[in-house]
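The values are calculated or read from the model by the stated rules, or taken from the named source; none is laboratory data. What you see is a predicted model, and the numbers here were worked out from it, not measured in a lab. All Cβ positions, glycine included, derive from the backbone under ideal geometry; neighbour counts span all protein chains shown. For the accessible areas, the whole protein counts, side chains as well, though only heavy atoms, and no ligand, DNA or RNA atoms are used. Shrake-Rupley method; radii C 1.70, N 1.55, O 1.52, S 1.80 Å.
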Amino acid sequence: MAKRLATEYVNAKLQLTNEEMAEFIRLFEEQQIHLQVLVLDNGNQELVLEDVAGREEVRLTFERQQDYYVCVLSCRLVQPRLTNAMRKALSAFRGNAIVNRIYSHYTMIYHYKNGSVHQIVESSKTGDRVVFEFKDTLGQLERVFRSRLIEREIGLISSAVNELLDLRNQTKEADEIGKIDARLSDLTRKLFILEA
């Protein structure tokens with residue numbers, strides 16, 4: 001198995017509430033990452049994360065924006081402990097990022113949206129190849145189900161229109177014809193809306 005040389009976080013973005021910020025700090029402490037919290041001007045915070053062995057550190061600056069702490073980060077990590085802790089944080093706190101996992105002959109590029117991997121691309125000298133792509137299967141099934149419901153409703157309305165047209169052709173009274181025409185007008189309006 002190929003050994004990962006480094007992991008790059010490109011424009012990783014986290015947006016945390018006050019409560020989530022406390023959980024974020026606790027997550028790194030649980031991962032045995034040495035942590036320093038520096039409070040800056042305007043309520044901003046800077047977190048200095050260092051693996052226990054002290055071989056690598058990363059600084060995360062969280063800017064105070066209304067009720068949130070927002071961090072936009074680009075960094076390169078080599079040590080596995082800090083790398084894994086960052087991956088867990090990105091996932092747990094619904095972050096967005098492009099993460100490059102660099103190996104000797106290729107790079108795996110992970111696209112995160114709201115903490116979930118939406119696409120993985122293998123990039124090498126020979127080109128790029130999509131390895132994984134998130135497909136919203138449930139959403140697609142719901143759309144198909146809704147479209148079938150609409151088709152069924154169109155069929156029912158068409159049948160009702162045909163019955164009313166037959167009834168209109170058989171009716172001789174002007175009052176009844178007026179009622180049938182009003183009903184036909186309503187149904188054709190519904191048909192027009194459903195077919196659009």
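A few notes on this one:
- Considering Q45, Q15, Q65, Q36, the condition of being over 20 Å from A92 (Cα atoms) and under 27 Å from the mean Cα position of the chain (by Cα) is satisfied by Q65 alone.
To keep it simple, each residue is scored yes or no on (1) open to solvent by 20 Å² or more (accessible area, probe 1.4 Å); (2) part of a helix (DSSP H, G or I).
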position: A12; (1), (2): no, no
position: E50; (1), (2): yes, no
position: V58; (1), (2): no, no
position: A85; (1), (2): no, yes
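- In this structure, G139 does not satisfy being out of contact with any Cys (no Cβ under 8 Å at 6 or more places or on another chain), surrounded by fewer than 17 Cβ atoms within 10 Å (Cβ to Cβ), closer than 23 Å to L16 by Cα and modelled with pLDDT under 90.
- Test result for V72, closer than 30 Å to Q45 by Cα, open to solvent by 80 Å² or more (accessible area, probe 1.4 Å) and either part of a strand (DSSP E or B) or touching a residue at least 40 places away in the same chain (Cβ under 8 Å) (or both): yes
- Region 21-37 residues that are under 11 Å from L82 (Cα atoms), paired with ones that are small (G, A, S) and modelled with pLDDT of 90 or more (beta carbon under 6 Å, 6 or more apart): F28/A85; Q31/A85; I33/A85
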